There are 2 protein chains.
Amino acid sequence: MIAVLRLGHRPFRDSRVSTHCALIARAFGADKLIYSGEHDQKLEDSINKVTDNWGGPFKIEHTKSALKTIKDFKKKNFKICHLTVYGLPIQNEIGKIRKYKNILIIIGGSKVPGEIYQLADFNIGVTQQPHSEMGSLCIFLDRYFEGKELNNKFNGWKMKVIPNENKKIIEKKK
Amino acid sequence: MIAVLRLGHRPFRDSRVSTHCALIARAFGADKLIYSGEHDQKLEDSINKVTDNWGGPFKIEHTKSALKTIKDFKKKNFKICHLTVYGLPIQNEIGKIRKYKNILIIIGGSKVPGEIYQLADFNIGVTQQPHSEMGSLCIFLDRYFEGKELNNKFNGWKMKVIPNENKKIIEKKK
């Protein structure tokens, strides 16, 4: 089970970025996204609509306490991977991480409490340059699944893209 | 030379997403980001500040006409790679694309004009699932550079992260 914890969501201001985080989590093979910060029904609805149309399984959930969620996952023997520019290079660490099948991936968040660096089993940097939690999440999942996630099939889809050289083709289930 | 063309920027509404696109372009080895839509001095200033602090080279530029920019790049023998969910799977196409050293990568944009699908030498899908232009750009560059971009060094930096297991360490040039 691969879960993603997105820290400190603020409705409106973060809605697009959090939506993209959730869609990346889904498209690249994570099972669920949990977000802390404020509850946002619109965010949940938009992600559930994507899963409904394009297939799953994928879940989105809110938590009132990121720290409690992290501690709960640790108790269930999940390895906690916090993605941060300050962490150790992913290319050196992913081999160790891939041995574990139950992972909680943490992504920021404007300000990440210091406690999270300590709770994490792995603090991982995807490049040592400032960029984006979306970029980090995407590359982390791609490395973890060794690129195989690009061929993932989704269940219960109503719509599916048929890849084409220069046309938009969508197959729809009746 | 690897350039990224971001279509249809709208200041305020797109500012965070376009900022993340530019930062991903820079962190993952592209040389510049050109954006169409409205001119946005704040966007340019924030990216130039990152390049100034964390190193370069990296440029950000505005264009009044995305189509003219694409045609200009075509004349200069750049291959045009348009990233779209409808395109052919990246894992099948990247080997062909990697042979070319001058690439213009196009990313949307809420509505991409049909003409762009025709002008593109490659319409490329990063998964066939809806997610994010940031995810697509990130994976495209990572595949194009075969992961070597994770070790990129930047020139003229004033600040640099020293990777660490659980601490934030930044080296600053005096």
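None of the figures in this text is laboratory data; all of them are computed from the coordinates on show. A quick note: this is a predicted structure, and the numbers were derived from the prediction, not measured. Cβ coordinates were reconstructed from backbone atoms using ideal geometry, including for glycine residues, and neighbour counts include every protein chain displayed.
So the values come out like this:
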item: Peptide B:16-27 - average C-beta neighbours from other chains (10 Å radius); result: 5
item: Inter-copy spacing of B:Asn102 label points, which lie 7 Å from Cα along Cα→Cβ, given in nm from shortest upward; result: 5.5
item: ³J(HN,Hα), Karplus 6.51/-1.76/1.60, whole Hz, each residue of the range B:161-171, x for Gly, Pro; result: 7, 9, x, 8, 4, 8, 10, 8, 10, 10, 8
item: Neighbour-limited loop hits for trypsin sites (Lys or Arg not before Pro), the range A:49-78 (at most 13 other Cβ within 10 Å; DSSP other than H, G, I, E, B); result: A:Lys64, A:Lys76
item: Other protein chain Cβ atoms within 10 Å, averaged over every residue that makes up A:118-129; result: 5
item: FRET efficiency, 1/(1 + (r/R0)^6) with R0 22 Å, evaluated for B:Asn151 and A:Arg98 via beta carbons; result: 0.65
item: Distance between modelled label sites at B:Lys158 and B:Arg10, nm, 7 Å Cα→Cβ extension; result: 3.4 nm
item: Chain A, relative contact order [Cα under 8 Å, separation at least 6], %; result: 27 percent
item: Global geometry of the range A:86-145, whether rounded, prolate or oblate, following the gyration tensor of its Cα atoms and the 1.5 cut on a/c; result: oblate
item: Cβ-Cβ FRET estimate between A:Gln118 and B:Lys49, R0 fixed at 41 Å, reported to 0.05; result: 0.85
item: Span per principal axis, largest first, for the Cα atoms of the range A:1-73 (Å); result: 32, 29, 15
item: Under the Karplus curve 6.51 cos²θ - 1.76 cosθ + 1.60, θ = phi - 60°, whole-Hz ³J(HN,Hα) for the range B:26-35, x wherever Gly or Pro sits; result: 5, 5, 9, x, 6, 8, 7, 10, 10, 10
item: Dimensionless Rg over Rh [the range B:130-174; C-alpha; Kirkwood]; result: 1.11
item: Shielding by other protein chains, B:164-172, mean Cβ within 10 Å; result: 5
item: For A:Gly8, residues with placed amide H under 5 Å, excluding near neighbours; result: A:Ser36, A:Gly37
item: Cβ-vector label at 7 Å, B:Gly156, separations to other copies in nm; result: 5.3
item: Kirkwood Rh in Å, taken over all unlike Cα pairs in the range B:1-131; result: 15.0 Å
item: The protein assembly as shown: Rg to Rh, with Rh as the Kirkwood radius over Cα pairs; result: 0.95
item: For A:Leu67, label point 7 Å along C-beta direction: distances to other copies, nm; result: 5.7
item: Vicinal HN-Hα couplings computed from phi for the range B:106-115 (Karplus, 6.51 cos²θ - 1.76 cosθ + 1.60; Hz; Gly/Pro x); result: 9, 10, x, x, 5, 10, 9, x, x, 4
item: Under 5 Å, built H, 5+ apart or other chain: amide partners of A:Thr84; result: A:Ile124, A:Gly125, A:Val126
item: Built amide H within the under 5 Å cut-off of A:Ile60, gap 5+; result: A:Leu33
item: Over the range B:64-174 - Rg/Rh using Cα atoms and the Kirkwood inverse-distance radius; result: 1.07
